[in-house]
Amino acid sequence: MTRIVLLVSALLVVLSFGALAQKPEFAPGVRYDTRVPSLKQVLGYDFAEHVTPPEDIIRYLKALHEAAPDRTRLVKYAETWEKRELYALIVATPERIRQLDQLKANLQRLANPAALSGSESESLIKQLPVVVALVHGVHGNEISSGEAALAEAYHLLAAQNDPVTDLIRRETVVIIDPMQNPDGRARFVFQNLLGQAVTPDPEPAAAEHDEPWPGGRSNHYLFDLNRDWFVQTQPESQGRVKFLLEWMPHVVVDLHEMGGDSTYYFPPQAQPYNPHQTKAQGNWLELFGQANAAKFDERGFGYFNRDVFDAFYPGYGVSWPVAQGAIGMTFEKGSARGLVYRRRDGSLLTYRDGAVEHFTAALTTAHTAARNREKMLRDYVEYRRTAGAGPVKAYLLPPGLDAGQALRLALTLQNNGIIVQRAEEPIRLGNRTLPVGTFVVPLPQPAGMLVRNLLDAQVPMNDAFLKQQDALRARRLPDQIYDITAWNLPFLYDVECVPSELLITAKTSRLEAAPSTTAGSPLADAVVGYALSWNASAAALTAEALRDGLRARFLHRPFTIAGQRFERGTVVFRTADNGADLKAKLTALATRHSANIQKLDSAFVSEGASLGGNQTVTLKTPKVLLAWDAPTSSLSAGWTRFVLERRYGQAVTAVRVSSLPRVDWRAYDVLVLPAGNYASLAGDTLRRLKDWISAGGTLITLGEASRWATRESVGLLDTRTELRDGTADSESGVARVDAARRPADYLLAIQPMREQPELVPGAILRVTLDEDHWLASGTDGEIQAMVESTRVFQPLKIDRGRNVGIYAASDRLLASGLLWDASRLQLPQKAFLLHQPLGQGHVIAFAEDPTYRAYAETTMFLFFNAVLLGAAY
């Protein structure tokens, strides 16, 4: 019997691999110009025979460009942290390539229709091509799209006597970005080859499919680049957005992969739609979807649409172009995560399948755009002419208490192609006057829909969709909310945003570029030293000053000297502590960080804490240890490392969690545990950790790591997380049941007894801070925080520590996004930021990840307070 089973299994394998021999063709029946080199001629193998590594993708594009320089332009648009180059190949007719600079200038004119007369607009529409951007592989382990990109480029250059390709060439300019994330792709290829069997192994659990931490999805800093489009923290995103803003494509396709048991996805997308997507854009998505469906039906490819993948969040590769007026589309193909993958139904999915289907969808999309060139351009012009029109005529961003942070926000908007102006005189709004230096974002403007997305306090989901989600929640079924529900940048930067329904008539100048880093007017000579009120800009300045050898002191309490009031949190650079170059160094730093430094000619205080008293602490550059590798969340670890190294210039030593037991913690001041479950830190390792804290170390836990710290078996935080009924979660698994709450009807009877709180689906919530605590230095007592979890922490008892941050009262809790009623009732007054002393050291816990996507600027600042000030107090 066993022998029969083995024979049958062997036969199935033979049949399955026999089916692979019938390879799907990229373009059946098309003949190719032999003067254009094939992939095999350049790399030694045919399309999709191997997973092409990043350097060979670029090598082939260069070969195509060399073979057809009259029809291509190869543009380097960025370089990754790991020094890999990112290129885009522009494919166009010889005439357009010869006049490419003029073509690009005319595309810019078309993208700014308010500056055009009707006849000028009409002339451009008649003559210009539709620009189709095909961008591939934003996630490094979504591999087949990169292979498809090479086939697309070869086909557009080499296909002969093919009417479809001829029309694409005549009516379009095609931009092919073959891989948006070469660092992640390189990581995947390395691990895939390391685990590869003698022949490709289709088993899902095989090493060649099973990526170790952190996987190839993310870039060097472990960011999901498909969430980074509008904030642009990463060089890949910065370069790509700048490049696309130069070309202003009218169609943008972002090609991805999904789980191997899925088929193929193309739009129309799932609900909820972003409310700033226009009806015309929705109609175009229908048209492109119908065209792709017809081609997939013809070729026998499976597909789905209107499910799973939405375009609500404006930071995707699909939705950012939509907010610029383009038709943005996500394409997703089930992934082989290697050369061949066995699906649950026993069928085999190949790398070639993915490449062929991506190629087919991309070329069908380009063909559809070509067939509708003029109508697409007309709709695009109309979009850009009126984008953002409505009651609000401008958003105003006053400099506030941290002018550097307001500038950072203004530059972020500008980097998205948004027009930002700076007030050269005060702006009067009713009874209020906003100062010189206020940033003005006028509406309407060509990027007005992106302005609305980023600055509107609320971007709502439609009521019908929310009712469906409520029904799913009631049955404890997964909701259909794909990503976060809020991202308002003024809230996350803690910069005031004032909408004006009146036209701004005050004199303004356009913000064109980042301010010069050349030192401005020198600071005045000071007898005692220089003082700087604490905020995010001051923290970054101080971190750089400490690295540069300056000595600084910090005072949390307010004080007054010579009539000058300094509120809670001031850093002081005393002349006696520093060299003769103190003034010059601080002048340069103040310019670089947009900081306002005050000179001190006396240390005599008329009110408040004394500069020479024991409430003043000396700052130093802390030695920071960061937990790395499993079980940390790779996203949390990457965000945290980026914020420390790149946002605040703080050196960090990343150590794998498995190696922490052999680290000499005495050499470090701070240990950061990113989100994760640290059950392996037990026994002697946990004892050593507590001893290190007691001796003066600072432990900072983020998100799920804070839940770990509350466990009875860990004992680092004397509090607990709550269950949905408000009782404390417990490792014993015994839940208290209140007889008065015993179910009286069916719906209550079927509710779980030990249920986690309601998930907050990525909303921005208000947090009230204890201004008397040094962790809250530099704030005004209230911030906004990104919340995306089920964690609810009970406040610390007053004799155990301080609840430095608690969620605001229910009527003020929600700043932006979606919050279900259960959360609105349970979260108020619960702990967000906790500080528990342990001996001479500190345990500092954040309920959520304060470094979220590296654009939660306010909580990032609180996190750096914990690092820098925690090492000083």
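For this structure, a couple of remarks:
- Of all the residues in region 653-676, those that are open to solvent by less than 20 Å² (accessible area, probe 1.4 Å) and either in contact with a Cys (Cβ under 9 Å, 6 or more places away or on another chain) or closer than 21 Å to Ala539 by Cβ (or both) number 4.
- Scanning region 122-135 for residues that are free of Cβ contacts under 8 Å to residues at least 24 places away in the same chain and buried (at least 19 other Cβ atoms within 10 Å of the Cβ) yields a total of 0.
- Close pairs (8 angstrom Cβ cut-off, 6 or more residues apart or separate chains): over 26 Å from Glu82 (Cβ atoms) in region 46-57, among the polar types (S, T, N, Q) anywhere: Asp46/Ser38
- Selected residue (criterion: modelled with the highest pLDDT) from residues of region 547-576 that are surrounded by fewer than 19 Cβ atoms within 10 Å (Cβ to Cβ) and of a type in the set (A, V, I, L, M, F, W, C): Ala576
- Among the residues of region 774-785, those that are in a loop (DSSP other than H, G, I, E, B) and buried (at least 23 other Cβ atoms within 10 Å of the Cβ) comprise Ser777, Gly778, Thr779.
Condition check ((1) among the small types (Gly, Ala, Ser); (2) surrounded by fewer than 20 Cβ atoms within 10 Å (Cβ to Cβ)) across all residues:
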| position | (1), (2) |
| --- | --- |
| Asp261 | no, yes |
| Gln269 | no, no |
| Pro272 | no, no |
| Leu287 | no, yes |
| Phe296 | no, yes |
| Arg299 | no, yes |
| Arg306 | no, yes |
| Val322 | no, no |
| Ala326 | yes, no |
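- The single condition among (1) open to solvent by less than 60 Å² (accessible area, probe 1.4 Å); (2) touching a strand residue (DSSP E or B) at 6+ places or on another chain (Cβ under 7 Å) that Leu454 does not meet is (2).
- Cβ-Cβ under 9 Å pairs, at least 6 apart or on other chains, region 555-579 side more than 20 Å from Glu771 (Cβ to Cβ), far side open to solvent by 40 Å² or more (accessible area, probe 1.4 Å) and among the β-branched types (Val, Ile, Thr): Thr575/Val527; Asp577/Thr618
- Close contacts from region 353-382, counting a first residue that is open to solvent by 30 Å² or more (accessible area, probe 1.4 Å) and a second that is modelled with pLDDT of 95 or more and among the basic types (Lys, Arg), with Cβ to Cβ under 9 Å and a gap of 6+ residues or different chains, come to Asp353/Lys333; His367/Lys295; Glu374/Lys126.
- Residue within region 184-198 that is free of Cβ contacts under 8 Å to residues at least 60 places away in the same chain and in a loop (DSSP other than H, G, I, E, B) present: yes
- Some residue of region 51-65 being charged (D, E, K, R) and within 15 Å of Glu152 (Cα to Cα): yes
- Subset of region 410-438 that is aliphatic (A, V, I, L, M) and farther than 23 Å from Arg384 by Cα - its residue that is surrounded by the fewest Cβ atoms within 10 Å (Cβ to Cβ): Val436
- Every residue from region 597-622 that is without any contact (Cβ under 8 Å) to a residue 60 or more places away in the chain, in a loop (DSSP other than H, G, I, E, B) and surrounded by fewer than 16 Cβ atoms within 10 Å (Cβ to Cβ): Phe604, Ser606, Ser610, Gly612, Gly613, Asn614
- Looking only at residues in region 623-632 that are among the hydrophobic types (A, V, I, L, M, F, W, C) and either assigned to a loop (DSSP other than H, G, I, E, B) or open to solvent by 30 Å² or more (accessible area, probe 1.4 Å) (or both), the one that is farthest from Leu775 (Cα to Cα) is Ala630.
- Odd one out for Gly520 among (1) at pLDDT 95 or above; (2) in a loop (DSSP other than H, G, I, E, B): (1)
- Segments classed as helices (runs of 4 or more DSSP H), wholly inside region 633-713, with at least 1 members that are aliphatic (A, V, I, L, M) and under 29 Å from the mean Cα position of the chain (by Cα): 634-642, 704-710
- Yes/no for Gly146 being on the phi > 0 side of the Ramachandran plot and either out of contact with any Leu (no Cβ under 6 Å at 6 or more places or on another chain) or surrounded by 15 or more Cβ atoms within 10 Å (Cβ to Cβ) (or both): no
- Qualifying positions in region 211-241 - hydrophobic (A, V, I, L, M, F, W, C) and open to solvent by 20 Å² or more (accessible area, probe 1.4 Å): Trp213
- Counted as qualifying within region 271-375 are the helices (runs of 4 or more DSSP H) with 3 or more residues that are more than 27 Å from Met179 (Cβ to Cβ), namely 279-299.
- Those residues of region 385-400 which are out of contact with any strand residue (DSSP E or B) (no Cβ under 7 Å at 6 or more places or on another chain) and surrounded by fewer than 22 Cβ atoms within 10 Å (Cβ to Cβ), in sequence order: Arg385, Thr386, Ala389, Gly390, Pro391, Gly400
- Any hit, region 758-773, residues being at pLDDT 95 or above, in a loop (DSSP other than H, G, I, E, B), touching a Gly at 6+ places or on another chain (Cβ under 6 Å) and open to solvent by 40 Å² or more (accessible area, probe 1.4 Å): yes
- Options Gly417, Gly388, Gly430; residue that is more than 18 Å from Leu503 (Cα to Cα) and of a type outside the set (D, E, K, R): Gly417
- Condition check for Ser732: in a loop (DSSP other than H, G, I, E, B), modelled with pLDDT under 95 and either small (Gly, Ala, Ser) or within 26 Å of the chain's Cα centre (by Cα) (or both): yes
- Hits in region 242-259 (condition: surrounded by fewer than 21 Cβ atoms within 10 Å (Cβ to Cβ) and in a loop (DSSP other than H, G, I, E, B)): Gly259
Every residue, every condition in (1) touching a strand residue (DSSP E or B) at 6+ places or on another chain (Cβ under 7 Å); (2) modelled with pLDDT under 95; (3) within 24 Å of Gly354 (Cα to Cα); (4) exposed (fewer than 14 other Cβ atoms within 10 Å of the Cβ), yes or no:
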| site | (1), (2), (3), (4) |
| --- | --- |
| Val13 | no, yes, yes, yes |
| Phe17 | no, yes, yes, no |
| Pro28 | no, no, yes, yes |
| Tyr45 | no, no, yes, yes |
| Tyr60 | no, no, yes, no |
| Pro69 | no, no, no, yes |
| Thr72 | yes, no, no, no |
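- In region 691-706, the residue that is nearest to Arg800 (Cα to Cα) out of those that are open to solvent by 30 Å² or more (accessible area, probe 1.4 Å) and touching a residue at least 24 places away in the same chain (Cβ under 8 Å) is Ser694.
- Every pair of residues 6+ apart whose Cβ atoms lie under 6 Å, when the first sits in region 104-121 and is more than 11 Å from Arg384 (Cα to Cα) and at pLDDT 95 or above while the second is assigned to a loop (DSSP other than H, G, I, E, B) and open to solvent by 50 Å² or more (accessible area, probe 1.4 Å): none
The values are calculated or read from the model by the stated rules, or taken from the named source; none is laboratory data. All of these numbers come straight from a predicted model, not from anything done at the bench. Backbone-built Cβ (ideal geometry, glycine too); neighbour counts: all protein chains shown. Ligands, DNA and RNA are stripped out before the accessible areas are found, and what is left, the full protein with its side chains, is counted by its heavy atoms. Shrake-Rupley method; radii C 1.70, N 1.55, O 1.52, S 1.80 Å.
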